[in-house]
Amino acid sequence: METNTQNIDLSDYPHLDRGLEGIVAFSSRKSFIDGAKGDLIYSGYNINDLAGNATFEEVCFLLWNERLPNREELTDLCHKLQAERELPEAVVNYIKSTNKQAHPMSVLRTAVSMLADFDDEAEDKSEEANIRKSIRMTAKMPGIIAAFDRVRNGKDVVAPLSEHSTAYNFLYMLNGEEPGENAEKIMDLCLVLHAEHGMNASTFTCRSICATESDIYSAVAGAIGSLKGPLHGGANTAVMNMLKQLDKNTDITAFVKGKLERKEKIMGFGHRVYKTMDPRATHLRKMAHDLAKEVDMEYLYNWSETILDIMKSEKNIDPNVDFFSATVYYSIGIEPDLYTAIFAMSRISGWTAHYLEQAGNNRLIRPRQLYLGEKNLPFTPVEQR
Ligand code: ACO
């Protein structure tokens, strides 16, 4: 419904901004985005320097501690993550017994919420306990996603390994076989690229929940719900669903223009902050290109490039992180409805980093609303209405 603000005294609401566009509600040391230049910084380091050089585990340490780890600290974090991978039996039983048609993000949201019930420190709000819980959730989320995918496909749940990287272990648990070096590298790079991104909707949700002094599991469960939406992390699945509608006979120009004429969005394009190419999309585009050749899916990459050209010429809108990540995941054989859950498996690092930051310098988040309804109507008992 249109917001009609005519005849309303706005003097009491000097900052009415639908969608909070341009509102700075937090200070943070976790990340910086220059939307005009297309720069993304994680706690001091440009994403272009981290991509391909730092591992996901190094990025987790960076986001939680605002500095890169030395070798000993990194080894220590990797060991802690490896030691926390096992899921509580009740969570595995839930995954086995839930509806196989459920959305993986719904299952992830419920399972993460359940983890709190089996964590003795769930209600411990100290920073040390919150760091330990951040490590636990980061360690356990890949197992939840992989287990649900296997169960719904009639396969046995694969227990986690107590060695190897997060990326390696996830692919191992998902496919039931040890991944090759290249597959691990691709997954690790995807995790690095999705780890943190300023005050996006799910991070805002996470910080809002933290700001009521609620626990970190509640904040992450809320953030998962927020990421699920197709205007946010759910766009990667929507991109692949769109690409899967095409075939070699599709006139892609007509397809895209038709959608634009009908005022439909092309998923994976546009961003509230970037007004140029999302730097993460640049890395994913290259990966998608290399992979497409390798797995003989060049058609998919070519369609993506055609869509990109049309969006640029028709609307001057660039792709975001979700556009090429969809092609990358598809090319390595992952089912489209898992893409957003994989995004969450990485973004858990950013969400928890923000939770720690918010908890360390908290203020309740409580904006106001512009009331458009009637006031002081005479009340009539139900029998008289
Ligand atoms: N396809 C077609 N037109 C678009 C798109 C798109 N993907 N994105 C923006 N536009 C158009 C809008 O229709 C609007 O045009 P108009 O001024 O003629 O009405 C204009 O660009 C501005 O768009 P808004 O929706 O107002 O921009 P907003 O900042 O609110 O939205 C958003 C940003 C939600 C990401 C939007 O670009 C979108 O819906 N994209 C598709 C979904 C998507 O890819 N989401 C993932 C974002 S990245 C992430 O969250 C991980």
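Pick from E196, E213: which is away from the ligand (no atom under 11 Å from the Cβ), touching a strand residue (DSSP E or B) at 6+ places or on another chain (Cβ under 6 Å), under 27 Å from I135 (Cβ atoms) and touching a residue at least 40 places away in the same chain (Cβ under 8 Å)?
Working: E213 fails: touching a strand residue (DSSP E or B) at 6+ places or on another chain (Cβ under 6 Å).
Exactly one residue qualifies, and that residue is E196.
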Subject >> Identity of the residue in region 278-316, within 13 Å of the ligand (Cβ to nearest atom) and in a loop (DSSP other than H, G, I, E, B), that ends up surrounded by the fewest Cβ atoms within 10 Å (Cβ to Cβ) >> reply: N316
Original post:
Any idea which residue in region 210-221 is farthest from the chain's Cα centre (by Cα), counting only those that are surrounded by fewer than 21 Cβ atoms within 10 Å (Cβ to Cβ) and assigned to a helix (DSSP H, G or I)?
Top reply: A211
Original post:
What is the residue count in region 90-143 for residues that are within 19 Å of the chain's Cα centre (by Cα) and either of a type in the set (S, T, Y) or closer than 22 Å to E58 by Cα (or both)?
Top reply: 14
Original post:
Can you name the number of the only condition in (1) buried (at least 18 other Cβ atoms within 10 Å of the Cβ); (2) outside any helix (DSSP H, G or I) that D149 fails?
Top reply: (2)
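Residues being within 23 Å of the chain's Cα centre (by Cα) and not in a helix (DSSP H, G or I): count how many of those fall in region 340-368.
1
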Original post:
Quick check: is even one residue across region 248-259 more than 8 Å from the ligand (Cβ to nearest atom) and either touching a His at 6+ places or on another chain (Cβ under 8 Å) or within 23 Å of L40 (Cβ to Cβ) (or both)?
Top reply: no
**OP:** Go through region 185-213 residue by residue and tally those that are among the hydroxyl-bearing types (S, T, Y) and farther than 17 Å from T110 by Cβ.
**Re:** 3
Original post:
When you go through M114, M137 one by one, which is the residue that is crowded, with 22+ Cβ neighbours inside 10 Å and in the same structural domain as L62 (by TED's automatic domain parsing)?
Top reply: M137
Original post:
Is there any pair with a first residue in region 301-321 that is without any contact (Cβ under 8 Å) to a residue 12 or more places away in the chain and on the phi < 0 side of the Ramachandran plot and a second that is within 12 Å of the ligand (Cβ to nearest atom) and part of a loop (DSSP other than H, G, I, E, B) whose Cβ atoms are under 8 Å apart and which are 6 or more apart or on different chains, and what are they?
Top reply: K312/D318
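The values are calculated or read from the model by the stated rules, or taken from the named source; none is laboratory data. Please read all numbers here as calculations on a predicted model, not as lab measurements. Every residue, glycine among them, receives a Cβ derived from its backbone with ideal geometry; neighbour counts consider all protein chains shown.
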